[in-house]
1. What is the extension gain from Tyr333 to Glu434, computed as 0.36 nm multiplied by their sequence separation minus the C-alpha to C-alpha distance, in nm to one decimal?
2. So between Arg381 and Glu475, what do we pick up on full extension, going 0.36 nm a residue minus the alpha carbon distance?
3. Measure out, as a whole number of angstrom, how far apart the alpha-carbon centroids of region 469-528 and region 90-153 sit.
4. About the Cα centre of region 407-529, how large is the charge dipole given +1 on each Lys and Arg Cβ and -1 on each Asp and Glu Cβ? Please answer in debye to the nearest 20.
5. Using +1 at the Cβ of each Lys and Arg and -1 at the Cβ of each Asp and Glu in region 351-400, identify which of Pro356, Ser385, Val395 lies farthest towards the dipole's positive end.
6. How much accessible area per residue does region 448-549 have, counting only protein heavy atoms and a probe of 1.4 Å, in square angstrom?
7. Would you mind telling me the share, in percent, of accessible area of region 409-549 contributed by carbon and sulfur at probe 1.4 angstrom?
8. Of the heavy-atom accessible surface of region 246-380 (probe 1.4 angstrom), what whole percent is carbon and sulfur?
Amino acid sequence: MILRRNKGKKRGDESSDLALEQDAATEDTPDVAAVPGARSAPVPDNVPASAARSSVAPPSSDICGQVRVVLHQAAQVYAGHPEASERINAHLDRLDSPVRIAIAGKVKAGKSTLLNALVGEIIAPTDAGECTRVVTWYRNATAPRIVMRRKDGDARDLPIIRQNGKLELDLVGTPPEEVDRLTVDWPSGDLATMTLIDTPGIASASAEVSARTEDFLTPDEEQGAADAIVYLMRHVHADDVGFLEAFHAHAAIGSSPVNTVAVLSRADEIGAGRVDALQSSRAIASRLRADEKVRSLCQTVVPVAGLLAETGRTMRQAEFNALAKIAAADRDYVDGMLLSADRFGRELPEGAPDLPSAAVRTGLMSRFGLFGIRTALPLIREGVSDSTQLAGELVRRSGLEDLREALTALFTERGDLLKARSALMALDSILRSEPLPESELLLAQVEKISSGAHEFVELALLGSLRTGAVSLPTEQRAEAERLLGGTGQAQYVRLGLAPTASLTEIRDAATDAMTRWRRRAENPASTRPVADAARVIVRTCEGILSSLV
Ligand SMILES: Nc1nc2c(ncn2[C@@H]2O[C@H](COP(=O)(O)OP(=O)(O)OP(=O)(O)O)[C@@H](O)[C@H]2O)c(=O)[nH]1
Ligand SMILES: [Mg+2]
């Protein structure tokens with residue numbers, strides 16, 4: 001009976017304050033318009049929405065604050081239970097850390113390569129080494145450090161070895177199956193907003209390695225669970241979709257359509273590396289995004305040529321020079337070499353043009369892939385004259401920026417909400433698995449936040465729209481998802497406006513949307529779920545409007 005007992009305590013007693021604040025924070029949270037959430041001061045009308053982005057971000061009811069309160073209460077209740085207490089405190093720390101994004105998928109789907117592309121450095125091993133079989137965390141830090149934590153709880157620092165621009169991870173003789181995780185602290189602006197977690201390929205030949213990733217993604221491993229998941233699908237075969245579905249169906253796994261982004265990976269290989277591979281991959285991704293089954297599993301599907309992105313972000317001058325030499329050689333001869341990766345790396349016969357050695361060409365092939373070389377050579381012939389320009393072109397074509405935008409809009413801008421969601425799921429599981437007399441009340445508070453805070457209500461509705469649990473006509477559904485933050489959190493995105501939209505345009509669009517959805521909410525012909533959904537959207541619009549005054 002924690003709330004009642006705490007209410008009886010004197011002010012100044014921390015638990016009492018927490019309990020009272022909690023009451024105040026949750027009592028009225030469904031009403032976003034009433035939430036003192038309008039994070040910001042009003043912005044002048046002539047300021048474009050994008051320039052004032054933070055000021056016009058969706059209103060927040062300080063979801064992390066509410067969750068922090070209930071976690072503090074739980075920490076007190078479970079103070080004498082070391083394991084539960086450690087997990088609760090870990091979630092308290094997590095609320096102040098970047099959102100955790102796990103990169104998951106089948107063996108050799110290109111997970112580690114994509115991680116390197118996102119970070120812009122080769123810090124995740126992409127070869128067949130033992131470290132690809134260990135869950136590895138990459139976190140921003142002021143100084144590099146690698147720590148190996150063994151399953152028996154022992155933790156030790158590992159040497160930091162860089163060779164040829166690659167970070168070499170070495171388990172110093174420890175069998176991978178005895179390693180719980182590696183943590184790589186690395187100074188990186190790209191990691192400042194998200195901690196990335198590289199996971200071993202699922203459904204690998206070794207069931208034990210697969211199990212390691214599956215274990216990691218279940219909330220039993222509280223410390224390890226991610227807030228969001230990037231799931232790589234290499235080809236679009238039923239198997240992958242089936243797998244992603246099983247992944248969601250596993251109730252214990254914190255994955256849902258609202259915290260999963262699918263990547264159509266190794267996109268350059270579609271159509272055997274033809275130069276229009278990326279165009280084809282974009283068409284496939286677009287079909288997938290519209291597919292009801294895929295919609296119910298993830299928020300979006302983005303095609304990415306990870307290798308091209310990784311190499312673009314880490315390209316060396318020597319590589320550009322070698323490509324420039326090949327680009328300058330007899331075109332027909334080079335085209336003949338480019339018929340296959342194998343041919344490109346072969347020793348050249350007598351009388352062949354002067355080209356980089358077979359070893360250098362093989363190196364280029366492993367860094368750029370057939371598609372990358374086929375793309376780079378014409379660019380150089382057409383006038384791209386330095387490595388920075390070429391790198392920029394390759395990254396632009398790789399689709400990496402689209403993925404980044406999706407991660408920002410769906411995961412980092414919504415980071416607080418996703419972290420709060422992870423914490424509540426974890427707390428729920430602790431309270432149920434280790435019940436104490438106070439657990440019932442704490443559970444009630446968890447439920448109150450989950451069903452009361454408007455951000456959670458929005459997220460739940462978004463999930464219901466994607467899974468088809470709530471069904472709207474296609475056009476209305478698209479607008480509903482957008483208004484709920486399904487394509488990005490900024491107000492102009494939610495309202496389908498340009499980034500340059502003025503506050504007047506934002507106000508007009510929000511008023512329009514509110515009127516339309518209110519009509520649907522009040523229409524006697526609307527079914528109950530549709531009317532309920534419309535009411536949630538009306539509240540979202542009210543929240544936007546209230547933040548503008
Ligand atoms: N052509 C091409 N090759 C890629 C791409 N991404 C990765 N590869 C190659 O595929 C192989 C596996 O890549 P990884 O990034 O290690 O894949 P992974 O999913 O991390 O593999 P595991 O951790 O072993 O499951 C490597 O040889 C990469 O060079 C891509 O976008 N295009
Ligand atoms: Mg890997």
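The values are calculated or read from the model by the stated rules, or taken from the named source; none is laboratory data. Computed from a predicted structure; not experimentally measured. In this analysis, Cβ positions are derived from the backbone assuming ideal geometry, glycine residues included, and neighbour counts consider all displayed protein chains. Surface accessibility is based on the protein's heavy atoms, side chains included, excluding ligands, DNA and RNA. Shrake-Rupley method; radii C 1.70, N 1.55, O 1.52, S 1.80 Å.
1. On the way: separation 101, 0.36 × 101 = 36.36 nm, distance 7.08 nm.
29.3 nm is the gain from fully extending Tyr333 to Glu434.
2. Details: separation 94, 0.36 × 94 = 33.84 nm, distance 4.58 nm.
Length gained between Arg381 and Glu475: 29.3 nm.
3. Result: 37 Å between the Cα centres.
4. In debye, rounded to 20, region 407-529 gives about 360.
5. So the residue furthest toward the plus end is Val395.
6. Numbers: 4240 Å² over 102 residues.
About 42 Å² of surface per residue is accessible.
7. Values: 3050 of 5680 Å².
Using a 1.4 Å probe with all protein chains present, region 409-549 comes out at 54 percent carbon and sulfur.
8. Details: 3020 of 5650 Å².
Of all accessible area on region 246-380, carbon and sulfur atoms account for 54 percent.
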